[in-house]
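Colleague: This is the structure, below, for whatever I ask next.
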Amino acid sequence: MATKKIISAGTGRRKTAVARVTLVEGKGEWTVNREPLEAYITSEALRDYLKQPIAISGYDLSGTDVVVFAKGGGVSGQAGAIRHGLARALVEADAALRPALKKAGCMTRDSRMKERKKPGQPGARKRFQFSKR
């Protein structure tokens, strides 16, 4: 089998999830960790969310396969990481798409992380019950 030509690639991050998104010549298929997109991400809302950069840019993916390797975090974090990586890959393929994607917030890494647990307490914010006596 002949190797497919890589068009562009991008790395996306969200919470503790990391996704490597590669655009290669193909038939318009999406694979995430060697599974079809619909099998890996079952939520329709999350699939629409991660496809936002394509809807905003109007980029034609009919002759392009999207190959994703995602690890860490959960399904929602991985969907956010895929969205970020896809936006970066699209900008690498066509730099004219950057202003529209940046305005929509697709180029910005969502920096919200889980707050760490503090020593001597049961959680990040929760405190032990106060007892006067």
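Colleague: Would you say I41 is touching a helix residue (DSSP H, G or I) at 6+ places or on another chain (Cβ under 8 Å) and either charged (D, E, K, R) or farther than 20 Å from S111 by Cα (or both)?
Modeller: Yes: the conditions hold for I41.
Colleague: List pairs: first in region 1-28 and of a type in the set (S, T, Y), second in a loop (DSSP other than H, G, I, E, B), Cβ under 7 Å, 6+ apart or cross-chain?
Modeller: Close Cβ pairs satisfying both conditions: T16/G72; T16/G73.
Colleague: I'd like the full set of residues that are of a type in the set (A, V, I, L, M, F, W, C), within 25 Å of Y40 (Cα to Cα) and assigned to a loop (DSSP other than H, G, I, E, B), limited to region 57-106.
Modeller: Answer for region 57-106, where residues must be of a type in the set (A, V, I, L, M, F, W, C), within 25 Å of Y40 (Cα to Cα) and assigned to a loop (DSSP other than H, G, I, E, B): L61, C106.
Colleague: Just checking, which of G63, G80, G58, G105 is among the small types (G, A, S), surrounded by fewer than 15 Cβ atoms within 10 Å (Cβ to Cβ) and more than 22 Å from I7 (Cβ to Cβ)?
Modeller: Answer to the selection: G105.
Colleague: Let me ask something else. Filter region 1-52 for residues that are assigned to a helix (DSSP H, G or I) and either more than 16 Å from the chain's Cα centre (by Cα) or over 20 Å from V75 (Cβ atoms) (or both) and give the result. Steps first, please.
Modeller: Residues of region 1-52 assigned to a helix (DSSP H, G or I): 37-40, 44-50, 52.
The answer is A39, and nothing else.
Colleague: Can you find a residue that is more than 30 Å from R116 (Cα to Cα), in contact with a strand residue (DSSP E or B) (Cβ under 8 Å, 6 or more places away or on another chain), of a type in the set (G, A, S) and modelled with pLDDT under 95 anywhere in region 71-81?
Modeller: Filtering region 71-81 for residues more than 30 Å from R116 (Cα to Cα) gives none.
Checked region 71-81: no residue is more than 30 Å from R116 (Cα to Cα), in contact with a strand residue (DSSP E or B) (Cβ under 8 Å, 6 or more places away or on another chain), of a type in the set (G, A, S) and modelled with pLDDT under 95.
Colleague: From the residues in region 89-99 that are touching a residue at least 24 places away in the same chain (Cβ under 8 Å) and surrounded by 15 or more Cβ atoms within 10 Å (Cβ to Cβ), which one is nearest to A9 (Cα to Cα)? Even if it seems obvious, please write down each step before you answer.
Modeller: Kept after step one, since they are touching a residue at least 24 places away in the same chain (Cβ under 8 Å), are these residues of region 89-99: 89-94, 97.
Going one step further and asking which of them are surrounded by 15 or more Cβ atoms within 10 Å (Cβ to Cβ), we end up with 89-93, 97.
On the way: A89: 5, L90: 8, V91: 9, E92: 7, A93: 8, L97: 15 Å.
In this case the residue turns out to be A89.
The values are calculated or read from the model by the stated rules, or taken from the named source; none is laboratory data. Not measured: the values here are computed from a predicted model. A quick note on method: Cβ atoms are made from the backbone with ideal geometry, for glycine too, and the neighbour counts reach across all protein chains shown.
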